[in-house]
1. When both residues are 6+ apart or on different chains and their Cβ atoms are under 6 Å apart, which pairs have a first residue that lies in segment 18-31 and is within 12 Å of Asn110 (Cβ to Cβ) and touching a residue at least 24 places away in the same chain (Cβ under 8 Å), and a second that is more than 11 Å from the ligand (Cβ to nearest atom) and of a type in the set (A, V, I, L, M, F, W, C)?
2. Name the single residue that is farthest from Tyr103 (Cα to Cα) among those in segment 1-26 being open to solvent by less than 50 Å² (accessible area, probe 1.4 Å) and away from the ligand (no atom under 16 Å from the Cβ).
3. Would you confirm, using the coordinates I've provided, whether Phe250 is within 28 Å of Gly340 (Cα to Cα), not in a helix (DSSP H, G or I) and not basic (Lys, Arg)?
4. Quick one: which residue in Val358, Val372 is within 31 Å of the chain's Cα centre (by Cα) and of a type in the set (A, V, I, L, M)?
5. Would it be correct to say that Tyr322 is open to solvent by 60 Å² or more (accessible area, probe 1.4 Å) and either in a helix (DSSP H, G or I) or in contact with a Gly (Cβ under 9 Å, 6 or more places away or on another chain) (or both)?
6. Which residues, counting only those in segment 142-152, are within 17 Å of Leu216 (Cα to Cα) and either open to solvent by 10 Å² or more (accessible area, probe 1.4 Å) or more than 11 Å from the ligand (Cβ to nearest atom) (or both)?
7. Restricting attention to segment 172-207, which residues are open to solvent by 50 Å² or more (accessible area, probe 1.4 Å) and farther than 18 Å from Ala279 by Cβ?
8. Applying the selection to segment 208-219, what residues are open to solvent by 10 Å² or more (accessible area, probe 1.4 Å) and either of a type in the set (Val, Ile, Thr) or in a helix (DSSP H, G or I) (or both)?
Amino acid sequence: NLGKVGDRLDLPVYAVGGFVRDLLLGSENRDVDVTVEGDGILFAETFAAEFGCRVKSHEKFGTAVLVFPDGHKIDVASTRLEYYVSPGALPTVERSSLRMDLYRRDFTVNTLAIQLNAASFGLLIDFFGAYRDLHDGVIRVLHNLSFVEDPTRVFRAIRFEQRLHFRIARHTENLIKNAVKMDFLEKLGGRRLLAELVQILKEKEPLSAVWRLESLGLLRFIHPALEASPPSHDLMEEARDVISWFELLFLERRYERWVVYFLALCDSLSSEAFEGACARLALNVHFQEKLKEMRRSAEERMANMEKRLSQQGRLENNEIYYFFKGLSVEVLLYRMAKSGNPELKRCISLYFTKLDSVRTSIDGTDLQRIGVPPGPRYREILDAVLSAKLNGVVFSKEEEIALAKS
Ligand code: ATP
């Protein structure tokens with residue numbers, strides 16, 4: 001249908017980029033990118049009107065997003081040339097041909113196009129030797145200034161290399177080393193650096209990409225101290241195992257996997273350096289504060305817990321509950337990975353699988369009904385009932401009420 005609309009408007013239409021790459025590699029990719037030689041916005045609006053999609057256009061960039069009723073999206077671009085005013089800045093846009101459009105892309109493997117117009121439907125267009133590089137498993141930039149134009153490509157190169165099990169071409173790797181030496185990545189804005197790091201940490205298997213960042217000397221752009229005290233491979237691997245374990249529990253708790261890896265990555269950093277890394281990555285201020293505070297608080301709580309464990313041998317469920325209450329899933333998983341103490345690991349696991357969801361059956365209304373005068377005592381009584389329930393001392397609502405009365 002994309003081709004038909006193109007035919008009617010007399011516009012050449014192509015599927016391009018990652019979609020074509022993955023199609024040829026036989027991997028699933030539902031993000032279809034379409035490039036129109038000419039007015040992509042007119043094309044998108046015509047298509048949307050005919051096929052009942054919503055369309056969001058960005059006149060300035062000559063781009064549009066088609067949103068289908070099932071939520072599926074197609075990005076539409078007009079062939080264009082982008083100028084980078086300065087390294088690390090966002091591009092400014094001007095229209096041009098398909099070849100020039102593909103030339104501004106990051107790597108050869110992302111420059112393939114497939115024509116969608118009926119007369120030449122399925123025609124594979126390969127200006128830059130992409131097919132050969134796909135076949136040979138090579139990530140290669142299109143020109144020597146690629147990383148200077150856009151330093152985020154350094155991270156993208158590593159992400160694609162590790163995801164696709166390709167290798168970065170020797171010359172391209174030398175250009176990366178040069179970009180590192182010349183400090184081009186210093187100029188990269190915090191948000192863009194964060195976006196790249198998050199994308200890497202969100203990959204299915206992010207660790208090999210992290211080691212590649214390390215060996216190419218890229219971690220120092222997150223924080224210089226990550227070079228002097230590099231992340232522990234054991235801890236990162238443990239984090240990966242803990243994440244797999246947690247995901248198998250199917251607890252339906254929303255959490256961000258990349259945050260667990262990020263905390264493990266920054267484990268060697270002092271509080272001050274951790275704060276520096278968060279600031280460099282321009283993390284949302286509120287999120288930064290929360291992360292810093294939880295990291296600190298978790299450290300303190302774990303130390304107390306270890307002490308209690310060594311004194312008592314084991315902890316009551318209510319103690320475990322109150323030790324962990326209020327800490328985020330991400331921080332707990334990170335601490336679980338970090339802890340060498342199997343009993344501590346067992347406590348965190350028990351908290352996730354059982355304790356965290358325990359609630360009292362009674363509430364303030366029940367206390368009022370049995371004649372307790374409203375006030376701060378309510379909190380104390382309900383906490384005591386919850387502790388009893390966590391420890392398996394009370395089960396039914398009647399037993400809770402009896403305990404509350406006493
Ligand atoms: P993924 O599977 O990770 O989404 P993708 O190839 O679809 O991979 P996107 O980040 O969605 O990647 O980008 C879409 C296309 O835009 C890419 O195929 C690439 O050609 C181009 N592109 C994205 N970022 C850049 C960049 N920084 N420089 C040049 N081209 C880029």
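1. So the pair list comes out as Val20/Ile114; Leu24/Leu134.
2. Selected residue: Val5.
3. On the way: within 28 Å of Gly340 (Cα to Cα): yes; not in a helix (DSSP H, G or I): yes; not basic (Lys, Arg): yes.
Yes, satisfied.
4. Numbers: Val372 fails: within 31 Å of the chain's Cα centre (by Cα).
Of the residues listed, the single one that is within 31 Å of the chain's Cα centre (by Cα) and of a type in the set (A, V, I, L, M) is Val358.
5. Numbers: open to solvent by 60 Å² or more (accessible area, probe 1.4 Å): yes; either in a helix (DSSP H, G or I) or in contact with a Gly (Cβ under 9 Å, 6 or more places away or on another chain) (or both): yes.
For Tyr322, the condition - open to solvent by 60 Å² or more (accessible area, probe 1.4 Å) and either in a helix (DSSP H, G or I) or in contact with a Gly (Cβ under 9 Å, 6 or more places away or on another chain) (or both) - is met.
6. Going through segment 142-152, the residues within 17 Å of Leu216 (Cα to Cα) turn out to be 147-148, 151-152.
The one that is within 17 Å of Leu216 (Cα to Cα) and either open to solvent by 10 Å² or more (accessible area, probe 1.4 Å) or more than 11 Å from the ligand (Cβ to nearest atom) (or both): Val148.
7. Scanning segment 172-207 gives Asn174, Lys177, Asn178, Lys181, Met182, Asp183, Gln199, Lys202, Lys204, Glu205.
8. Of the residues in segment 208-219, the ones open to solvent by 10 Å² or more (accessible area, probe 1.4 Å) are 208, 211-212, 214-217.
Residues satisfying the conditions are Ser208, Trp211, Arg212, Glu214, Ser215.
The values are calculated or read from the model by the stated rules, or taken from the named source; none is laboratory data. Treat the numbers as computed from the prediction; the structure is a model and nothing was measured. Note that each Cβ is placed from the backbone with ideal geometry, even for glycine, and that neighbours are counted across all protein chains shown. Ligands, DNA and RNA are stripped out before the accessible areas are found, and what is left, the full protein with its side chains, is counted by its heavy atoms. Shrake-Rupley method; radii C 1.70, N 1.55, O 1.52, S 1.80 Å.
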